[in-house]
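Trainee: Next up is a structure, given as structure tokens.
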Amino acid sequence: MTVEDYNRAVDAYADNLYRFVLKNLRDTHMAKDVVQDIFEKLWVKLESVSAQKVKTYLFTSAYHTMIDYIRKEKRYDGADRGEMEEPSHQTQYSDLQEVLEEAISRLPDDQRSVLMLRDYEGYSYREIAGITNLSETQVKVYIYRARVFLKHYIGSMEKVV
């Protein structure tokens, strides 16, 4: 990978990486730090990363770096964010984007990450499995469970619209 390829990767993927990390961590400063760390790692490994596989490298690094940040945060918080809360959105509300973001924020970290990679970034199940070091079957299970939770949380469209 050349310096020009690196600069193109920054231009092409920095915003997508930031959105992916921000949706999972829900902290703008931490998300910026993670993205900066990822591009620093890429710079250090510039010679060993192929320009054709840079997107996968970036999202794999983002996923693993996020997991590290989440583990550190859990150690300090002492709270288990992995437990799913019962769906509770029952009132009528018209901002679907806000309702969806709230529902996604209630997902366990692993389910939220694979759902974001699939539905927001457009990765295939196989690519997500490679990024997260999960089996393809486990990726499908996490995505299914996340979608079922979102369906129950949001309820019918009449309640939202």
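Trainee: Just want the answer: with Cβ charges of +1 for Lys and Arg and -1 for Asp and Glu, which residue in TYR69, ILE38, ASN16 is farthest toward the dipole's positive end in the stretch 1-81?
Mentor: Positive-end residue among those listed: TYR69.
Trainee: Right, here's the next one. More than 15 Å apart: what percent of Cα pairs in the stretch 1-81 qualify? Numbers along the way, then the final one.
Mentor: On the way: 1757 of 3240 pairs.
Result for the distance tail: 54 percent.
Trainee: Moving on to the next point. Arranged by the count of other C-beta atoms within 10 angstrom, fewest first, what order do LYS72, LYS23 take? Don't skip to the end; give the middle numbers.
Mentor: Numbers: LYS72 10, LYS23 17.
Listing LYS72, LYS23 from fewest to most nearby Cβ atoms yields LYS72, LYS23.
Trainee: Taking a label point 7 Å from the Cα of LEU46 along the Cα→Cβ vector, which residues of the stretch 1-26 have an amide N closer than 15 Å to it?
Mentor: Under 15 Å, as judged by backbone N against the label point of LEU46, lie 1-11 of the stretch 1-26.
Trainee: Using the structure shown, select from LYS53/LYS74; LYS53/LYS140; LYS41/LYS151; LYS23/LYS74; LYS23/LYS45 the pairs with a Cα to Cα distance greater than 29 angstrom. Can you show the working numbers first?
Mentor: Details: LYS53/LYS74 32 Å; LYS53/LYS140 23 Å; LYS41/LYS151 38 Å; LYS23/LYS74 17 Å; LYS23/LYS45 26 Å.
In this structure, LYS53/LYS74; LYS41/LYS151 exceed 29 Å between Cα atoms.
Trainee: Pop the C-beta distance of ASN133 and LEU96 into the FRET formula with R0 = 30 Å and round what comes out to the nearest 0.05. The partial results should precede the final answer.
Mentor: Numbers: r = 33 Å, r/R0 = 1.11.
Given R0 = 30 Å and the Cβ-Cβ separation, E is 0.35.
Trainee: In nm, what is the difference between 0.36 nm times the number of residues separating GLN36 and SER124 and their Cα-Cα distance? Kindly include the intermediate steps, with their values, before the conclusion.
Mentor: Numbers: separation 88, 0.36 × 88 = 31.68 nm, distance 2.55 nm.
Result: 29.1 nm gained on full extension.
Only the coordinates and a few stated rules stand behind these numbers; no lab work does. Since this is a predicted model, take the numbers as computed values, not measurements. Every residue, glycine as well, gets a Cβ built from its backbone with ideal geometry; the counts of neighbours run over all protein chains shown.
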